[in-house]
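The values are calculated or read from the model by the stated rules, or taken from the named source; none is laboratory data. Just so it is clear, the structure is predicted and the values come from calculations on it, not from any experiment. Cβ placement follows ideal geometry from the backbone for every residue including glycine, while neighbour counts extend to all protein chains displayed.
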Amino acid sequence: MEETIRTLVADALKDSFGLEGIAIVVEEPKDLAHGDYATSVALSVSKTLEKNPREIANTLAALLNEKKGNDIAEVTVAGPGFINFTLAPVYFAKTLETILEKQNEWGSNELHKGKKILVEHSSPNLFKPFHIGHVMNNTIGQSLVELARASGAAVTTTSFPSDISLGVAKAIFILLEKGNAEISIDMLGQAYVEGTKRYDEDETTHMRIKEIADHLYAQTPSDEYEFFQACKALNIAYFESILSRLGSDFDSYIYESEAGVEGKKIVLKNTPGVFTESEGAVVYVPAEDRKDINTAVFINSQGNPTYEAKDIGLLSMKFNRYAPDLSLFVTDNQQVPHFAVVLDAAKHINDEWASKSIHIHHGRMSFKGEKMSSRLGGVPVAQEMMDAVGEEAAVRAKDKDIVQADAIAIAAIKFSILRAAAGKDINFDPETSLSFEGDSGPYLQYSTVRAQSILAKGGVGTPVLPENWTTTTLEKQLIHFPEVVAHAIEEWSPHFLVTYLLELSQSFNSWYGNTKVIDDTAESPYKLALTAAFAQTMKNGLKLLALPLPSKM
RNA sequence: GCCCUUGUAGUUAAAUGGAUAUAACUGCGGACUUCUAAGCCGUUAUUGUAGGUUCGAUUCCUACCGGGGGCACCA
């Protein structure tokens, strides 16, 4: 419809003023009372035409009213010269039919059809707990994965676990010393802390830990390397259990240990050239005019690849393995300067590494509320937070179903992350941010479940427009779903979808509160179809946000 | 010091350069007793400050003020 209107306006501009090639902005008015679509084109061309915008709008509207067709009820002029389009009831009925036909395909598009998109997110630090920041990253990442899929692309997901460091060697040292037959995640965490302390205590321990680190880096067959592999497997299993609870998974992993080797090779190959030697290290010095990026060390003076070189290796591995047309990666915005340098260096090695990569960064989650932090002992570990929120959800749940309660808890957490525009810090106050009421994940779920419960009772109805039907706000909003999805994909911003689904739910709940859907009137089938279209749209929208949907609440 | 980023109701957030700045939470008040009350209805703004660009600025530009982050061998 947006396109149809654009074409109509373009033709009208040509016919009445002889204007061609004008960028025509067609948008959804903020206030639906103004119509279903609006264009401000009369305002923007008023200068070129040297005419009053209102006059131009009137001329265009007169012409548009002649050519509007059956789907548009009327074209009017308002304010300083906006041209508003009000759609005909029959158009909404047709849209309901489309929704019910397309089902899960409703809303998806072909923006990236035929392309390969690689998404990297959630990259954990193995041997360290998966904390709330990782949940944030995973939530945004998983939604981007769903959005990429809805754009018609072939999507591959990967994660970049940090599996090796001196810290890991410290933990391995402690665990080997204790000689436990069974190891657990908790023990790994404790060993990490204990090893850090012991490392600085005496020289023998110090040397031994360094030796372990060397063996791990070089993959030397040894007790410690074997043990390290076992610990790594345990960590991955832990990571994957959390992922599955969050409703996410990966096609592959690229480990930091692999990327380091690859990155070092590439950096050395491009030194001198892209990189330069300085004080025994290999560094990248950005061009003079790039004041926004700093010089960075890629290989340190001991000859080991730094984080920067590892990311060069990662880029190389991503593009060699998957040849993506678009490579998205998600990190927190603390790393923005780091990736600015890495990508700037990368474009001199292989231009597409930089041109096809999109860095999506999110803010950090800070804790404000007393309740949750004290409950978690000040450590925002993901699993414990999910458990705590899950308990709260279970208290409210009617049938105390654990699985359903967890779905509600996960939605509450994810919603609080996705509702904000990515890139901004989230002041995470469990008392307010993490809500089960009002603008919240559970609100979206509840609205959907409620609609589905009506459908279970009354069937999906038929989208045949009844006599004298007054178009509702709900119908007016439903038709915009595909545009919102497209917008979210273009901007890689799930929050547009969150805002839309909230408004849609509000309309539904408001309508529901004042209407009886299942009744004896001739309108009942249409009202059921409207309910079904709402439920379908919500279901598709929640899928795009990777929010779970319980069967009842 | 340099660079990046951010500033909207008491609070948490929204708003491709467009019309009366949108919601929720909190507080107060209300309706129904009919398909799920995690619901519905009613009740709050000098968009940090000062300029500029524009027919039109929360949005773009400049300066200042306040948060957050980065700036050579951590990730």
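When A:Thr205 is tested against (1) within 30 Å of A:Thr156 (Cβ to Cβ); (2) in contact with a helix residue (DSSP H, G or I) (Cβ under 7 Å, 6 or more places away or on another chain); (3) assigned to a helix (DSSP H, G or I), exactly one condition is not met: (1).
Residue count for the range A:307-359 under the criterion of being out of contact with any Lys or Arg (no Cβ under 7 Å at 6 or more places or on another chain), among the aliphatic types (A, V, I, L, M) and within 19 Å of A:Glu490 (Cα to Cα): the result is 3. Taking A:Glu110 as the residue in question, decide whether it is over 25 Å from A:Leu246 (Cβ atoms), part of a helix (DSSP H, G or I) and away from RNA strand B (no atom under 16 Å from the Cβ). No: the conditions fail for A:Glu110. When the residues of the range A:142-171 are filtered to those that are assigned to a loop (DSSP other than H, G, I, E, B) and over 30 Å from A:Gln302 (Cβ atoms), the one that is nearest to RNA strand B (Cβ to nearest atom) is A:Ser151.
Taking the range A:1-35 as the search range and keeping residues that are part of a loop (DSSP other than H, G, I, E, B) and more than 10 Å from RNA strand B (Cβ to nearest atom), which one is nearest to the chain's Cα centre (by Cα)?
Residue satisfying both the conditions and the ranking: A:Met1.
A search for C-beta distances below 8 Å between a residue of the range A:17-45 that is of a type in the set (D, E, K, R) and any residue that is assigned to a helix (DSSP H, G or I), counting only pairs 6+ apart in sequence or on different chains, returns A:Glu20/A:Ala10; A:Glu20/A:Leu13; A:Glu20/A:Lys14; A:Glu28/A:Glu483; A:Asp36/A:Lys476. Look at (1) within 12 Å of RNA strand B (Cβ to nearest atom); (2) in contact (Cβ under 8 Å) with a residue 24 or more places away in the chain; (3) on the phi < 0 side of the Ramachandran plot and you find that A:Gly461 fails only one, number (3).
If you scan the range A:315-343, which residues turn out to be buried (at least 22 other Cβ atoms within 10 Å of the Cβ) and touching a Gly at 6+ places or on another chain (Cβ under 7 Å)? Hit for the range A:315-343 is A:Val330, nothing else.
Which residues, counting only those in the range A:535-553, are among the aliphatic types (A, V, I, L, M) and in a helix (DSSP H, G or I)?
A:Ala535, A:Met538, A:Leu542, A:Leu544, A:Leu545
Would it be correct to say that A:Leu96 is under 32 Å from the mean Cα position of the chain (by Cα) and over 20 Å from A:Glu2 (Cβ atoms)?
In short, no.
If I filter the range A:414-434 for residues that are farther than 18 Å from A:Phe92 by Cβ, surrounded by fewer than 19 Cβ atoms within 10 Å (Cβ to Cβ), free of Cβ contacts under 8 Å to residues at least 40 places away in the same chain and near RNA strand B (Cβ under 9 Å from one of its atoms), do I get at least one hit? Within the range A:414-434 (the criterion being farther than 18 Å from A:Phe92 by Cβ, surrounded by fewer than 19 Cβ atoms within 10 Å (Cβ to Cβ), free of Cβ contacts under 8 Å to residues at least 40 places away in the same chain and near RNA strand B (Cβ under 9 Å from one of its atoms)), the answer is no, since none of the residues qualifies. When A:Ala532, A:Ala522 are checked against the criterion of being more than 12 Å from RNA strand B (Cβ to nearest atom), part of a loop (DSSP other than H, G, I, E, B) and small (Gly, Ala, Ser), A:Ala522 stands alone in meeting it. Residues in the range A:132-159 that are closer than 21 Å to A:Gln229 by Cβ and either at pLDDT below 95 or among the β-branched types (Val, Ile, Thr) (or both): 1 in all. Candidates in the range A:486-509 are the residues that are near RNA strand B (Cβ under 8 Å from one of its atoms) and among the hydroxyl-bearing types (Ser, Thr, Tyr); of these, the one that is nearest to A:Ser416 (Cα to Cα) is A:Thr499. Does A:Ser123 satisfy the condition of being within 20 Å of A:Ile417 (Cβ to Cβ), assigned to a helix (DSSP H, G or I) and out of contact with any Gly (no Cβ under 7 Å at 6 or more places or on another chain)? For A:Ser123, the condition - within 20 Å of A:Ile417 (Cβ to Cβ), assigned to a helix (DSSP H, G or I) and out of contact with any Gly (no Cβ under 7 Å at 6 or more places or on another chain) - is not met. Would it be correct to say that A:Val90 is among the β-branched types (Val, Ile, Thr), under 30 Å from A:Pro466 (Cα atoms), more than 16 Å from RNA strand B (Cβ to nearest atom) and in contact (Cβ under 8 Å) with a residue 12 or more places away in the chain? Considered against the rule, which asks whether it is among the β-branched types (Val, Ile, Thr), under 30 Å from A:Pro466 (Cα atoms), more than 16 Å from RNA strand B (Cβ to nearest atom) and in contact (Cβ under 8 Å) with a residue 12 or more places away in the chain, A:Val90 comes out as yes. Away from RNA strand B (no atom under 16 Å from the Cβ), among the basic types (Lys, Arg) and within 30 Å of A:Met538 (Cα to Cα): is that true of A:Lys67 in this structure? Against the criterion (away from RNA strand B (no atom under 16 Å from the Cβ), among the basic types (Lys, Arg) and within 30 Å of A:Met538 (Cα to Cα)), A:Lys67 does not qualify. Of the residues in the range A:281-312, how many are at pLDDT below 85 and within 7 Å of RNA strand B (Cβ to nearest atom)? The total comes to 3.
Does A:Phe82 meet the test of being closer than 30 Å to A:Ala529 by Cβ and either of a type outside the set (D, E, K, R) or loosely packed, with under 13 Cβ neighbours inside 10 Å (or both)? The answer is no for A:Phe82. Assess whether A:Val45 counts as being among the β-branched types (Val, Ile, Thr), near RNA strand B (Cβ under 10 Å from one of its atoms) and in contact with a Phe, Trp or Tyr (Cβ under 6 Å, 6 or more places away or on another chain). In short, no. Take A:Leu118 and tell me if it is at pLDDT 95 or above, in a helix (DSSP H, G or I) and among the hydrophobic types (A, V, I, L, M, F, W, C). No, not satisfied.
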